[in-house]
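The values are calculated or read from the model by the stated rules, or taken from the named source; none is laboratory data. These numbers come from a predicted model, not from an experiment. We place every Cβ from the backbone using ideal geometry, glycine too, and count neighbours over all the protein chains shown.
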Amino acid sequence: MIVELGHYALILAFAVSILQSLVPLVGAQKGWADWMAAAGPLASGQFALLAIAFAALTYAFVTSDFSVLLVVDNSHTLKPLLYKISGVWGNHEGSLLLWSLILALFGASAAWFGGNLPKTLQARVLAVQGAIGAAFLAFMIFTSNPFLRTALPPFDGHDLNPLLQDPGLAFHPPFLYLGYVGLSMAFSFAIAALIEGKVDAAWGRWVRPWTLAAWIFLTIGIALGSWWAYYELGWGGFWFWDPVENASFMPWLFATALLHSAIVVEKRETLKAWTILLAILGFGFSLMGTFIVRSGVITSVHAFASDPERGVFILLIFAVFVGGALTLFAFRGAALEAKGVFALVSRESALVLNNVLLAVASFVVFVGTMWPLVSELAFGRVLSVGAPFFNAAFTPFMVALAIALPVGAVMPWKRGKLGKAAASMTGALALAVALAGLAFALQTGRSALAPIGVLLGSWLVFGALIDLWTRGGRQGIGDRLRRIARLPRADWGKAIAHGGLGVTIFAVTAVLGWASEDIRVLRPGESFTLSGHTFTLTGVERQPGPNYISTMATVEVHDGDRFITTLHPEKRVYPAAGMPTTEAGIHYTLTRDLYVALGDPQDGGGWALRTYVKPFAVWLWIGAALMALGGLVSLSDRRFRVAAGARSAPIAAKPAE
């Protein structure tokens, strides 16, 4: 009965989404106040209905209702409760329901917290959100219904993909979807602005918090996925340029560019058309990521193996919304006249450079991701584009961005002097060069990659600190510190986020440049030394888990005579799914990770062990956390919560005739 209730709620939500996409739009066009007022209740109703549907599906998973086909394919009675719940979105159909629920949540939030918006703009934004929701609900109901029953329920299920039975992957998809779908709000604001033909400082202020929220969620989601790949897959890497990784990274790059471009719209009322285009492309690449993950055209350890017919449906959604938006942009973009003018050397120009670097970098990732598919379809050639291409093609843009960012952040609006801005960063540059020189002097027989990363990372961190310091004025230290403490939270958030980027760049280069690796076969009782640490395999034993069987090794680690830790790398086999997984044993510290992955038993006796010493690896995720924290601090700025600047008085709305 509960499952049927969820199914009915899903169908009703589809009907409500159609009304939401039509009624407010007509009302805004005609100036009918009561039709526009219907947008809020319709958005709230759609969210409530989808929440009921999602709760019903979750109930089916938690209670192991194997009369539901989706539960049969993705659950098991012995599975821990956390993974029964995460199994709801650990598949194509359930994740699509979560996507639609989050989409409805953002639409309802615009209704609940958008009281400061002009009624016509709010109505059009909610109408566009309703149209996107209707498209995905149609996709779900007609091709990917999560509530399908099976005629002969089995006694047990087939279990969830073992790779997804992990805390990192339990929370990774919801955060990613919050980011993906959050960009739909920027898209809806852009379409509403194109329909009205008006983008001003108020619009820039309204769109920024929605984009910032999506950017925060995407940052957290990408970081969780990277951390999961690091400790779960057993190969010791944190980024493989996998197509699914790229599918989340490209919208993140566009969201970052959109955030900075919206600042220019808010402060200077220029770059209007470019900001609208970024909003369209940001959500467009989110839809492209959905296609990559769900169409079956690519292979990945965390893609949903789905049939190509569903991919065609997603491409149709992409064509309608992105194609329609770009067509509307072509007709109305010229009307978005820029008011502000600025010199070549100014903060506006620095933000334009930021935007260009991020956008081109994203297109480079897109080309590398899609080229194998294009090559196979157009030329009949099967080829692979891997890390060497992405590292060579993508890295220069990030290096240029890191070099320009601290100077651009202190540049004045409208017109500035490059020499003066650079002079204020002399201290940061001196400290960065000194640290890089120290790193280069201490390392022996290694490449210059890590010292360059130290230079760029510390340049960004010290640059962010000096930016805060200069905002404190020229008073004494005490007065300056008090003034810095009273700076708007957006300024603090910017500094924290930029510093987090610097920490991440440093950690990436340190791990790639200074890591040590060893692969060998060991018998119990044997030892070896790597980077001054002695690893001893003391034993290997089989242990039962809740729904798996574990082969667990015990590895003791010493530094000379000093005992450091005991690691327990595992190989797990999930009988119901018939799949093995690797669980690395990792000892985390702020200066290095000790990483051991257990391989297969060898014919001659012994076990294969893959061992790494990874300097400063944990700072990868500390840097990502700092970036997300910076976004949260900025989002808490009171200026994002109060009414935006005044607009010209709207035409009085009239009741529907």
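Some notes on this structure:
- Within the stretch 392-448, the set of residues being of a type in the set (S, T, N, Q) and without any contact (Cβ under 8 Å) to a residue 24 or more places away in the chain comprises Thr395, Thr426, Thr444.
- Output for the stretch 238-285, where each listed residue is polar (S, T, N, Q), part of a helix (DSSP H, G or I) and within 16 Å of Ala350 (Cβ to Cβ): Thr256, Ser261, Thr275
- Single residue of the stretch 396-450 satisfying the filter (assigned to a loop (DSSP other than H, G, I, E, B) and among the β-branched types (Val, Ile, Thr)) that is surrounded by the most Cβ atoms within 10 Å (Cβ to Cβ): Val410
- Hits in the stretch 551-564 - residues which are surrounded by fewer than 17 Cβ atoms within 10 Å (Cβ to Cβ) and either part of a strand (DSSP E or B) or at positive phi (or both): Thr554, Glu556, His558, Asp559, Gly560, Arg562, Phe563, Ile564
- When the residues of the stretch 286-320 are filtered to those that are modelled with pLDDT under 85, among the aliphatic types (A, V, I, L, M) and in a helix (DSSP H, G or I), the one that is nearest to Pro580 (Cα to Cα) is Val293.
The rows are residues; the columns are (1) modelled with pLDDT under 85; (2) touching a Leu at 6+ places or on another chain (Cβ under 9 Å); (3) under 29 Å from Lys420 (Cα atoms); (4) among the basic types (Lys, Arg).
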site	(1), (2), (3), (4)
Ser349	no, no, yes, no
Leu353	no, yes, yes, no
Leu357	no, yes, yes, no
Ser362	no, yes, no, no
Val367	no, no, no, no
Pro372	yes, yes, no, no
Arg381	yes, no, no, yes
Ser384	yes, no, no, no
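- All of Leu590, Leu594 fail the test of being over 16 Å from Pro162 (Cα atoms), touching a Phe, Trp or Tyr at 6+ places or on another chain (Cβ under 9 Å), in a loop (DSSP other than H, G, I, E, B) and in contact (Cβ under 8 Å) with a residue 24 or more places away in the chain, apart from Leu590.
- Only residues that are surrounded by 20 or more Cβ atoms within 10 Å (Cβ to Cβ), at pLDDT 90 or above and in a loop (DSSP other than H, G, I, E, B) were counted across the stretch 145-186, and they come to 2.
- Output for the stretch 565-582, where each listed residue is part of a strand (DSSP E or B) and crowded, with 19+ Cβ neighbours inside 10 Å: Leu567, Glu570, Lys571, Arg572, Tyr574, Thr581
- Any hit, the stretch 72-79, residues being of a type in the set (Gly, Ala, Ser), in contact (Cβ under 8 Å) with a residue 24 or more places away in the chain and in contact with an Asp or Glu (Cβ under 9 Å, 6 or more places away or on another chain): yes
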